Amino acid sequence: MQQQVTHLLSHFPEIFAALGILLGGLILGLVLKYVVFGVLRAFGRREDSTLARSVNEHLSQASAWFFPVLAVSLLLPLVPLPPKPFEVLRRVVEIALVLTFAWGLVKTVDVLQDLVLRRYQLGSDNNLRVRKLFTQLQFVKKLAVSLILFVAVGLVLMSFETVRRLGTGLLTSAGIASVIVGFAAQRSISNLLAGFQIAFTQPIRIDDVLVVEGEWGRVEEITFTYVVLSIWDERRLVLPLNYFIEKPFQNWTRTSARLTGTVFLQTDYTVPVEAVRTELRRILEAHPLWDKRVCVLHVTDAKERTLELRALVSAADAGSVWELRCAVREQLVTFLQQHYPASLPRTRILLDNDDNRAGAPG
């Protein structure tokens, strides 16, 4: 016991010096971080720099860990420790450096995304090009983050000798393992390939208006494995990526957001069609949602008791054409009620009086 205490006391100056160097490295890294980001904040306020603000917003927290670990790793050769404790310390610092650097890379991807989002506005009119870019950006970001995390975890694990030996053993049986994994992950790989196809051929894009499984909604999110559709009543429809490769669906904004909508009216045979057509034109010219492309009224069917009138109207997007259709339907019905009430659908019954029946030939 006395020998162990004596041995520990003999190494006390080395331990004290090591702690001092490590603490100095941490302080140096923190000071460097605050200086760098202080300059960035000042530059962002003075020059109104989007890049400086984005870097400060996303990388500040990760840098508070990365800079101290980097400073410690640079000062590590100065640490006066015996070989075994020094090796343990070196391994810990290397792992921390890899993890904090990977964290910084992930946040750098967020900075790049932030720059794109600030440059292009998804809510602008005629945003087809922006929606294409956002769809690719979302998929590429997820892929980049996954690769960064995969490589970081791989580097950490490979720093252990046991894991390296295990990896060498697995490589010798890679043929059998690849077949097993291929069968097990067939659906996942298929979804991943479908994700690549959707991202770059783009049958759907972020913010596209779709009709899928009888539901109307907008594409809210595209991940590696599924698509989230935001339904008009705030529900969410989640579909696998393969669905959009293998099954038909309606895309109302594939090439343009502009749409033509229909309004059907059932009327009596006595309806003045030309008067209704003139009223339709008046209604559309006074409505702010009409884009002045389509204004048509046709008699599309003659049924046993009614005529079917179909009005075609157009608007800039799906939401606008829906509101416009409702307004046109309401105002045309009001017009018929006020000016031509006899033209509303009705059932006629012909009654013969007694004299007619008596005079009728037997």
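The values are calculated or read from the model by the stated rules, or taken from the named source; none is laboratory data. Note that the structure is predicted; figures quoted are calculated from it, not measured. Note that we place each Cβ from the backbone using ideal geometry, even for glycine, and neighbour counts take in every protein chain shown. SASA here: full protein model, heavy atoms, side chains in, ligands and nucleic acids out. Shrake-Rupley method; radii C 1.70, N 1.55, O 1.52, S 1.80 Å.
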Just one of the numbered conditions (1) at pLDDT below 85; (2) assigned to a helix (DSSP H, G or I); (3) closer than 30 Å to ARG131 by Cβ is not true of ARG357; which one?
(3)
Can you tell me which residues in segment 55-104 are more than 22 Å from ILE27 (Cβ to Cβ) and buried (at least 20 other Cβ atoms within 10 Å of the Cβ)?
VAL55, HIS58, ALA102
Are any residues in segment 35-54 under 26 Å from the mean Cα position of the chain (by Cα) and in contact (Cβ under 8 Å) with a residue 24 or more places away in the chain, and if so, which ones?
THR50, LEU51, SER54
Does segment 255-280 hold any residues that are loosely packed, with under 14 Cβ neighbours inside 10 Å and without any contact (Cβ under 8 Å) to a residue 24 or more places away in the chain, and which are they?
GLU274, THR278
Residue in segment 295-302 that is loosely packed, with under 13 Cβ neighbours inside 10 Å and under 40 Å from the mean Cα position of the chain (by Cα) present
no
Somewhere in segment 253-260, is a residue touching a Phe, Trp or Tyr at 6+ places or on another chain (Cβ under 7 Å), assigned to a strand (DSSP E or B) and either within 20 Å of ARG218 (Cβ to Cβ) or of a type outside the set (Lys, Arg) (or both)?
yes
Within segment 281-291, residues being touching a residue at least 12 places away in the same chain (Cβ under 8 Å) and either open to solvent by 50 Å² or more (accessible area, probe 1.4 Å) or part of a strand (DSSP E or B) (or both) number 4
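Taking into account only those residues within segment 231-247 that are part of a loop (DSSP other than H, G, I, E, B) and modelled with pLDDT under 90, which is surrounded by the most Cβ atoms within 10 Å (Cβ to Cβ)?
To start, the set of residues in segment 231-247 that are part of a loop (DSSP other than H, G, I, E, B) comprises 232-235, 241-242, 247.
Among the residues that remain, those that are also modelled with pLDDT under 90 are: 232-234, 241-242, 247.
Numbers: TRP232: 13, ASP233: 8, GLU234: 7, LEU241: 24, ASN242: 18, LYS247: 10.
Among those residues, the one meeting the criterion is LEU241.
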